[in-house]
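Beneath this line is the structure, given in structure tokens, with notes to follow.
A short reminder: the numbers here are calculations on the coordinates, not readings from a lab. What you are looking at is a predicted structure, and each value in this text was computed from that prediction instead of being measured. Methodologically, a virtual Cβ is constructed for each residue, glycine included, from the backbone with ideal geometry; neighbour enumeration extends over all protein chains shown.
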Amino acid sequence: MDELYVRLEKQVPALRLQIAQLYQSFDRKFHLHGASVPVTFGMEQDVLGSYTPAGGSEEEHFHFSLLYVASYEERPVSNEDRLDVFRHEYAHYMQYNMPVPAEYTWQKGKHGSAWKYCCSLTGAVPTEFYRAGETLKKQDYEKALKNPWKGTMTPVLDTFRRETEYQRQKNSRVVFAQGETVLHPKFGEGVIQKIDPKEGSVILHIQFRDKIRKIDQKWLNRTRYKSARGI
Ligand SMILES: [Zn+2]
């Protein structure tokens with residue numbers, strides 16, 4: 001994970017530039033100041049991005065997970081998907097910093113009609129969950145604004161986070177066994193000593209030749225680790 005962080009962190013300047021350019025263009029259009037709001041980055045697995053408004057215990061800022069907005073071998077991110085995360089969070093910023101016409105305030109909630117209205121202005125996909133490929137479809141904002149959300153997914157209850165429930169559950173399922181030998185392209189063969197299931201991830205303690213490393217099983221899948229038993 002640390003190694004991945006070092007790799008992804010290198011993309012931060014380019015990401016900052018992309019965000020600044022996008023938000024400046026929105027600012028000009030909507031007479032706002034989103035581009036001057038601080039942007040931070042992390043390595044969250046269950047949150048793509050977030051906007052924290054001013055006035056709470058935290059300072060106003062945007063936050064993005066490099067695992068989703070940076071691009072890397074194991075998980076190439078399309079520019080459209082990345083831009084959608086930025087547009088999505090800017091729409092949240094707009095909700096708090098711009099008067100929304102009364103006719104669009106009928107549906108409450110963080111991802112309610114006011115936010116969807118802002119999405120129609122930024123071009124963000126008006127759903128709270130990330131779905132790959134969704135950005136390529138033409139969005140029917142009129143429909144989204146008039147009809148209550150009828151999706152089968154449960155709405156998220158937290159205030160400022162966009163979560164990937166499906167991915168989260170998938171990532172929590174243990175797919176390796178203790179004592180199993182895994183092969184890593186760089187560290188070589190290792191034996192799983194301990195399995196540490198967490199919310200949204202499963203951390204494996206793997207004894208490699210030199211030392212024990214803690215690696216999220218999702219990277220084992222993605223980095224094409226192979227089980228020595230041939231599973
Ligand atoms: Zn959101």
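Across segment 77-100, what is the total count of residues that are in contact with a Cys (Cβ under 6 Å, 6 or more places away or on another chain) and either among the basic types (K, R) or within 16 Å of H63 (Cα to Cα) (or both)?
2
Can you list the helices (runs of 4 or more DSSP H) lying wholly within segment 1-110 that have 1 or more residues being within 13 Å of the chain's Cα centre (by Cα)? So that I can check it myself, show each step before the final result.
On the way: elements: 2-9, 12-30, 66-69, 79-97.
Where helices (runs of 4 or more DSSP H) fall fully within segment 1-110 and carry at least 1 residues being within 13 Å of the chain's Cα centre (by Cα), they are 66-69, 79-97.
Between E44, E3, which is closer than 24 Å to E199 by Cα, free of Cβ contacts under 8 Å to residues at least 24 places away in the same chain and either surrounded by 12 or more Cβ atoms within 10 Å (Cβ to Cβ) or touching a strand residue (DSSP E or B) at 6+ places or on another chain (Cβ under 8 Å) (or both)?
Working: E3 fails: either surrounded by 12 or more Cβ atoms within 10 Å (Cβ to Cβ) or touching a strand residue (DSSP E or B) at 6+ places or on another chain (Cβ under 8 Å) (or both).
The conditions single out E44.
When segment 183-213 is examined, which residues are found to be surrounded by 13 or more Cβ atoms within 10 Å (Cβ to Cβ) and under 17 Å from E44 (Cβ atoms)?
Hits for segment 183-213 are G200, S201, V202, I203.
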